[in-house]
1. Could you tell me the distance between the Cα centroids of region A:1-50 and region B:117-196, to the nearest Å?
2. Please report, to two decimal places, log10 I(q)/I(0) for the protein assembly as shown at q = 0.06, 0.07, 0.12, 0.14 Å⁻¹ as given by the Debye formula with identical point scatterers on the Cα atoms and no solvent.
3. Taking each residue in B:110-117, count the Cβ atoms of any other chain within 10 Å of its Cβ, then average. What number comes out?
4. On a 0 to 90° scale, report how tilted helix B:114-124 is relative to the longest principal axis of chain B, with both axes built from alpha carbons and the result rounded to the nearest 10.
5. Between helix B:50-62 and chain B, what is the angle of the helix's C-alpha long axis to the longest principal axis, kept within 0 to 90° and rounded to the nearest 10?
6. Evaluate the Kirkwood expression for the hydrodynamic radius of region B:48-117, namely the inverse of the mean inverse distance over all pairs of different C-alpha atoms, and round to one decimal in Å.
7. Compute the acute angle (0 to 90°) between the alpha-carbon long axis of helix A:89-100 and the principal axis of greatest extent of the alpha-carbon atoms of chain A; round to the nearest 10°.
8. To check my understanding: the extent here is largest minus smallest coordinate of the Cα atoms along each principal axis. What are those three numbers for region B:114-207, in Å, largest first?
DNA sequence: CGGCATCCGGGAAGATACTG
DNA sequence: CAGTATCTTCCCGGATGCCG
């Protein structure tokens, strides 16, 4: 009859009732960069089964975090989007991710979704490191396109048109993550075909330095 | 054989493998203000069963978030404490709690542990509102004592000796929360015996205004 | 009494197949 | 493509009992 509740007035406990179920926070992560369809969510969440995704979306909708929208004809597709309040969970996702990046057991070689790769840049961006860097870079990962704007210590990245950017990066988001976080040289990634770079190549090289990973926590 | 994993390089996903299990984040919340014994954890987490708490503590220990310490004789008791990295999860707990406080479905009348009440002050403190307020207040909730120090827009609260504080508040942490967040008048709480206030009463009254709750998110 | 181990029932998550 | 239906597995919660 009654769901599993924490029976606790603490806000943190209430958050767990809202988004504490398995996969829930990752569904939110996938939607932070804009609305998605059911199948797009599945490709961003390898391992989730359809029935669980259905259930999470229902619960998130009941809780006022997600809305289901019907696109106007002729598209007529259903998409899931975050409510304004749901969108505010971006801060939460970033803080949680930044904390866990210090985990000694974190394995960065696992698969990485497109949304994760883009959100990781938002998370790890260092205004300090980006002083003096300005310009725009367009990213195409799979068939998703994002426009990043660097402006002397400021940084934005969102879905957008990549054509007019100063530089373009196309290919596999994991390869890009390897360059940014793993120090993998761009040359090799281009040679293997994992990435293609066009335009202001020097801008791309400089940008690789503005997303520093936090130091690992050590075993006590 | 293999645990349930997300198989996802994203830091947020890794966090869920570390602290995504039921109760795990609340165990951390209970330890943020200092080490605790097994039974103290249980009283702060009404509803958790002993075996689940045991399991969560083991997993948190394996993950480098919690350490188990043996107190020197004659106490010889075991306590659980956060590692330095585990302590860094405070930011996470606060951001999560602050986000969820905007939930329309949040019910503040539920039980509230001592740690929750103190952490909620750390979470909701507004430096803006506290400009011009200075002084110390000692809290005794149950048999736990905390010293709060206000200093013209700065605020700290931690376990400490309440004797020398400018004011003392003793009694039920839920009553205090009602005064701070629910606007319940102190007079009534004193009359009913839920709280006792000593010392600089005016300081206590002023402090009630420096922990504003965020506005509720509205249904879309 | 504190810190577990063990057993059991219910329910959530996972995998797969199937339907409109 | 966007889910439902079904079956299995395993986690959570509650009770009990052991052992220092």
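1. Answer, in whole Å: 34.
2. With no solvent term, the Cα-only Debye profile gives -0.30, -0.41, -1.09, -1.33.
3. Details: counts 8, 6, 4, 4, 0, 1, 6, 2.
Rounded to a whole number, the mean comes out at 4.
4. 80
5. Value to nearest ten degrees: 80.
6. 14.6
7. 70
8. Rounded to whole Å, the extents work out to 32, 27, 25 Å.
Values quoted throughout were computed directly from the atomic coordinates according to the rules given, and no laboratory measurement underlies them. Quick caveat, the model's predicted, so the values are computed rather than measured. Please note: Cβ atoms are built from the backbone with ideal geometry, for glycine as well, and neighbour counts cover all protein chains shown.
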